[in-house]
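Below you'll find the structure, written out as structure tokens, and then a few comments.
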Amino acid sequence: MTNAHLKLDGLAKSYGRFVAVEEFSLDISEGEFIAIMGPSGCGKTTTLRMLAGLETANRGQITLAGTRIDQLPVWERETPLVWQSLALFPFMTVRENVEFGLKMRGVSRAERRRRADDWLERLGISSYADRNVARLSGGQRQRVALARSLVLEPKVLLLDEPLSALDAHMAIKMQGELKKLQRELGITFVYVTHSHSEAFSLADRVVIMNAGRVEQIGSPQDIFLRPRSKFVAQFVGGISLLEGRVSDKEDGKRFLDTPDGKVRLAHGAGLAKGATADLAVRADRISVTVEPGWGENEIACTLISEEFAGAVVNLHLETASGHSLVAQLQQRDLEQLDASIGARVYASWHPDDGFLLESTRQSGSSPRVRAA
Amino acid sequence: MTFPAIPARNSGRRYQSLFQRAWQALWVLPLPVWLLLFFAVPLGLLVAISFWSVVNYRLTPDATLSAWRYVLGLDFLWASFWRSYGLSLSSAVAISLLAFPASYAMAFVATPRQRLILLGFAIAPFFTSYLVRIYSWQVFLAEGGVISSIVQAFGGNGESLLNTYFALFIGHATLALPVVLILQTIALANVDRTEISAAANLGARPGAILFRVILPAARPGLTLGLLFAFLLSYAEFVSAAYLGGGTFQTLPILVTDLVRAGQQWPRAAVVSLLMIASLLVTAFVTVLWAYREKG
């Protein structure tokens with residue numbers, strides 16, 4: 001897994017002064033499932049379109065299996081894309097749609113038909129082969145779109161929010177099928193999505209983008225447990241952030257001075273005294289009590305709201321200085337917690353459960369226009 | 001004081017539904033009125049007149065087949081019919097082909113704003129009367145006219161271009177080209193751009209994209225353009241008379257000849273009915289083909 005199969009090296013794209021993608025570099029191994037996610041307009045789709053050749057990068061290179069492809073025209077690239085809108089051809093039957101790419105490659109009629117029928121069979125839509133695509137259900141159309149790309153036997157399949165047109169139930173079903181298909185075929189998937197559940201359950205590695213920049217690349221666990229920046233922490237959700245200044249060492253322990261009091265940092269938090277830092281604590285690591293004195297790091301809060309999410313409940317708290325914290329409790333713990341909305345409660349956590357964010361870059365309205 | 005709450009609400013609902021019906025009727029009623037006034041009544045009249053007779057140059061209500069017998073017995077009727085049909089069909093095809101590159105540019109090259117401005121220019125000829133436009137073409141095409149003078153200046157013969165098929169075609173194009181441009185541009189502009197990108201992504205080169213994706217996707221609109229060019233050219237009289245000079249006896253020319261020669265309205269009505277029937281069949285077949293779906 002050391003030599004990159006698909007290599008994106010310093011890709012950049014701007015439209016006039018608007019920077020859509022800024023320095024995107026990623027080495028993808030053969031058969032890897034990569035999810036690129038981020039909010040609308042973060043550059044994830046532009047990156048995918050550069051891979052497909054639908055956008056020309058201003059800078060950077062793309063190499064596929066050792067061959068540079070970024071200067072090839074779209075029609076010479078072997079990187080089929082599954083579109084968000086599916087973009088099936090409504091004036092063709094299902095089979096004609098699937099055969100289209102083969103026809104463009106000059107594959108003979110008999111061979112075309114054999115290969116298309118193979119894929120229709122494999123995806124369970126062979127009984128619709130002669131139907132108009134407009135007469136199919138969302139899930140069936142989705143399969144046609146997949147078959148149309150996969151029949152070309154690509155080494156890389158690009159997917160642009162392919163499940164967003166489906167209802168929730170169908171989307172989950174297709175997620176499972178996609179993952180299975182990708183494992184069986186062993187081809188590389190580059191999957192753009194804004195859905196956390198799709199990215200985290202499908203991908204081997206997740207790329208989080210914001211405002212044209214890559215914020216973090218890592219395994220779903222990595223990103224979920226160790227978000228590197230404030231943006232990723234907020235984007236992933238379920239993480240409380242406390243801003244503060246690193247204070248003096250006392251008995252070999254490091255502390256962070258926050259507007260809501262002093263909290264202890266984990267060992268090995270190597271930051272100089274006086275530096276500003278963001279402390280992150282996952283919601284499931286925060287305990288809530290009505291009486292103080294239960295934990296080492298404790299902050300007095302007001303209980304703002306309860307949000308039920310199946311077996312767990314998220315408590316939204318507000319500190320005296322107006323910071324928001326979120327704590328995740330089991331239902332039975334909530335029953336034991338005798339607090340109503342507006343009550344004073346205490347949030348506490350073990351110092352080892354807090355971690356400092358590596359990057360303290362501001363999220364949200366960062367400047368996206370580079371000075372010319 | 002108590003209000004009979006439920007009856008009051010009921011009457012409110014009744015009032016609402018009455019209002020809704022009146023509102024709908026306001027929009028629906030004109031349709032049958034227009035159809036009756038501008039289609040059914042004239043057509044009925046035309047059919048009726050075709051069975052009337054002409055006595056002493058006067059149209060007289062009657063129930064005779066003589067007009068039908070006369071017209072269908074004309075040895076040049078079917079020649080005129082096929083000439084009309086063939087001329088307008090070739091004009092329609094030529095106009096569609098001429099318009100296509102311009103429509104393509106407006107749909108795919110121009111920005112939406114530029115497209116509006118260009119379409120405005122395409123419609124601009126409608127600001128002058130069709131008759132005036134045809135007369136000005138005479139100035140261009142006649143012997144000693146603009147074109148012939150230029151040809152003569154280069155040592156050519158410079159004979160009149162009037163009374164040729166070319167002149168007739170110019171007339172047809174003057175009438176139909178703007179309409180075809182508009183229909184084609186709308187059809188092409190509405191082709192889903194993602195489908196075009198998807199085709200390229202699947203390996204289609206620009207030529208294949210045009211013939212395998214853009215043309216099939218825009219087929220209904222492109223065919224309607226062709227159909228309109230045909231309908232307009234088929235029923236066209238002004239340029240057939242003033243540019244074609246009656247050299248090509250088309251059905252509209254035949255109609256005027258019949259009326260002129262002894263007020264033969266019933267015979268003219270028969271020719272008109274033949275034209276209407278052939279147009280309806282053509283339009284029906286074309287529209288069926290344009291909107292045909294696979295699978």
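Computed from the coordinates by the stated procedures, all read-outs in this text should not be read as laboratory data. Note that the structure is predicted; figures quoted are calculated from it, not measured. Here Cβ is always computed from backbone atoms with ideal geometry, including for glycine, and neighbour counts include all displayed protein chains.
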### Query
Taking 0.36 nm per residue of separation and subtracting the Cα-Cα distance, what length does fully extending residue A:304 through residue A:29 add?
94.4 nm
### Task
Along Cα→Cβ, 7 Å out, is where each label goes; now give me the distance between the ones at residue B:136 and residue B:192 in nm to one decimal.
4.3 nm
### Summary
For the pair residue A:197 and residue B:26, the simple spin-label estimate (label points 7 Å beyond Cα toward Cβ) gives in nm 4.7 nm
### Mean Kyte hydropathy of 0.5 or more with a Cα span along the axis of at least 20 Å, helices from DSSP in chain B
B:77-104, B:165-189, B:215-234, B:265-290
### Task
Mind putting a number on the dipole of segment A:6-225 about its Cα centre? Charges go on the C-beta only, +1 for Lys and Arg and -1 for Asp and Glu, and I need it in Debye to the nearest 20.
660 debye
### Sites residue A:164 and residue B:123, calculated FRET efficiency, Cβ-Cβ separation with R0 30 Å, nearest 0.05
0.15
### Task
Can you grab the distance from the C-alpha centre of segment A:22-75 to the C-alpha centre of segment B:197-229, Å, no decimals?
29 Å
### Query
Tell me which lysines have Cα within less than 25 Å of residue A:7's Cα, excluding those fewer than 8 residues away on the same chain?
A:44, A:155, A:179, A:180
### Summary
Taking 0.36 nm per residue of separation between residue A:56 and residue A:344 and subtracting their Cα-Cα distance, the length gained on full extension comes to 98.1 nm
## Note on the structure
For chain A, longest principal axis from Cα atoms; helix A:138-150 axis from its Cα atoms; angle between them, nearest 10 degrees, is 70 degrees
### Query
Suppose R0 equals 25 Å; then what is the FRET efficiency for residue B:256 and residue B:55 from their Cβ-Cβ distance, rounded to the nearest 0.05?
0.70
### Task
Using R₀ = 45 Å, calculate the FRET efficiency as 1/(1 + (r/R₀)^6) where r is the Cβ-Cβ separation of residue A:177 and residue A:324; round to 0.05.
0.70
### Query
Does anyone have the angle between helix A:94-104 and the longest principal axis of chain A? Alpha-carbon axes, 0 to 90°, nearest 10?
80 degrees
### Query
How far is it, in nm, from the label point at residue B:14 to the one at residue A:114 when both lie 7 Å from their Cα along the line to the Cβ?
7.6 nm
### Query
Could you give the distance between the Cα centres of segment A:177-193 and segment B:74-153, to the whole Å?
55 Å
### Task
Report the charge-dipole magnitude of segment B:75-290 in Debye, nearest 20, computed about the Cα centre from +1 at each Lys and Arg Cβ and -1 at each Asp and Glu Cβ.
500 debye
### Task
Can you work out the PRE-style zone for residue A:153? Point 7 Å along Cα to Cβ, and I want the residues of segment A:119-141 with backbone N under 11 Å.
none
